[in-house]
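The values are calculated or read from the model by the stated rules, or taken from the named source; none is laboratory data. Being a predicted model, the structure only gives us computed values, none of them experimental. So basically every Cβ, Gly included, is an ideal-geometry build from the backbone, and we count neighbours across all protein chains shown.
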Amino acid sequence: MTRAITLTLLLVTLSIVATGQARVRQSADDAAQAVRQANERYNEAIRLKNSAALSEIVSDDFLLINRSGQVLTKTEFLALLSKS
């Protein structure tokens, strides 16, 4: 009797853990997809030189360090993009 109860509790625990792992995996997949989509939107806005879209995409404390080591704020970056 004790063995049957122990086995039942073990099976219930394992099923709960498996369900939780599936949810975590799905959540990680959703997060990865969201990052890919944000990256695509960013790259598309850069390609089109769309300052309005970039202003929405990047945060106000955004900093860009270019190849020469120059640090640009969000405002400087968007202004430079508009000039080019």
Within the set of pairs 6 or more residues apart or between chains, which connect a residue that is among the hydroxyl-bearing types (Ser, Thr, Tyr) inside region 34-45 to a residue that is assigned to a helix (DSSP H, G or I) with Cβ atoms less than 6 Å apart? 42/57
Inside region 49-78, can you point out the residues that are under 18 Å from residue 39 (Cα atoms) and acidic (Asp, Glu)? 56, 60, 61
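Name the one entry in 22, 28 that is over 30 Å from residue 83 (Cα atoms) and either touching a Pro at 6+ places or on another chain (Cβ under 9 Å) or modelled with pLDDT of 65 or more (or both). Talk me through it step by step, then tell me what you get.
Numbers: 22 fails: either touching a Pro at 6+ places or on another chain (Cβ under 9 Å) or modelled with pLDDT of 65 or more (or both).
From the options 22, 28, the qualifying one is 28.
Do we find a residue being in a helix (DSSP H, G or I) and either over 17 Å from the mean Cα position of the chain (by Cα) or surrounded by 10 or more Cβ atoms within 10 Å (Cβ to Cβ) (or both) anywhere in region 57-72?
Going residue by residue through region 57-72, those that are in a helix (DSSP H, G or I) are 57.
Of the ones still in play, those that are also either over 17 Å from the mean Cα position of the chain (by Cα) or surrounded by 10 or more Cβ atoms within 10 Å (Cβ to Cβ) (or both) are 57.
Yes, the conditions are met somewhere in region 57-72.
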